[in-house]
1. Rolling a 1.4 Å sphere over the protein heavy atoms, what is the accessible area per residue of the chain, to the nearest Å²?
2. Across all directions of projection, what mean area in square nanometres is found for the Cα convex hull of segment 1-56?
3. Please report, in Å, the Rg and the Dmax of segment 71-121, where both are computed over Cα atoms only.
4. Quick one: divide the alpha-carbon radius of gyration of segment 28-68 by 2.2 N^0.38 Å and tell me what you get.
5. Starting from the amide H of Leu85, placed 1.01 Å from N in the peptide plane, find each other amide H under 5 Å away whose residue is 5 or more places distant or on another chain.
6. Check cross-link reach from Lys43 to the lysines: straight Cα distance under 18 Å, and skip same-chain residues fewer than eight apart.
7. So for the chain, Kirkwood radius off the Cα pairs, Stokes-Einstein at 25 °C and 0.890 mPa s: how many µm² s⁻¹?
Amino acid sequence: QVQMVESGGGLVQPGGSLRLSCVASGSIFSINAMAWYRRAPGKQRELVAAIPIRNSTTYADSVKGRFTMSRDSAKNTVYLQMNSLKPEDTAVYYCNAGPHSGPAYYLNDYWGQGTQVTVSS
């Protein structure tokens, strides 16, 4: 089993920045891909960014150029650096991981508890 714990959420003004962290523990040897998702009020969960295979990152169109996902394997941690935040980025952000890599990363089902990000003036 894998445990995922996110941190770093909070309230920020439009145009501001936040950095989310997610630490994985437990059976981390089973992790081949990691991702960030978010769920805004009244909306379905959506992919924000993913590292489906080593040295490859994919982003939702809505965050390209503003968000950067990175992974520190030595610390079993992934980060989501969020810049130029907009009110529409307000959501609960979830860390995701699992054994499925490449195009099947969406099948992974290890989840964190989520961290709230609110962008408002």
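The values are calculated or read from the model by the stated rules, or taken from the named source; none is laboratory data. What you are looking at is a predicted structure, and each value in this text was computed from that prediction instead of being measured. These area figures cover heavy atoms from the full protein model, side chains too; ligands, DNA and RNA do not enter into them. Shrake-Rupley method; radii C 1.70, N 1.55, O 1.52, S 1.80 Å.
1. Numbers: 6340 Å² over 121 residues.
On a per-residue basis, 52 Å².
2. Values: hull surface 21.5 nm².
About 5.4 nm², averaged over all directions.
3. For segment 71-121, the Cα radius of gyration and maximum Cα-Cα distance read 13.4, 40 Å.
4. Values: Rg = 11.8 Å, N = 41, 2.2 N^0.38 = 9.0 Å.
The value comes to 1.30.
5. The answer is Gly15, Gly16.
6. Qualifying lysines at Cα under 18 Å: Lys86.
7. Working: Rh = 14.2 Å.
My calculation gives 173 µm²/s for D.
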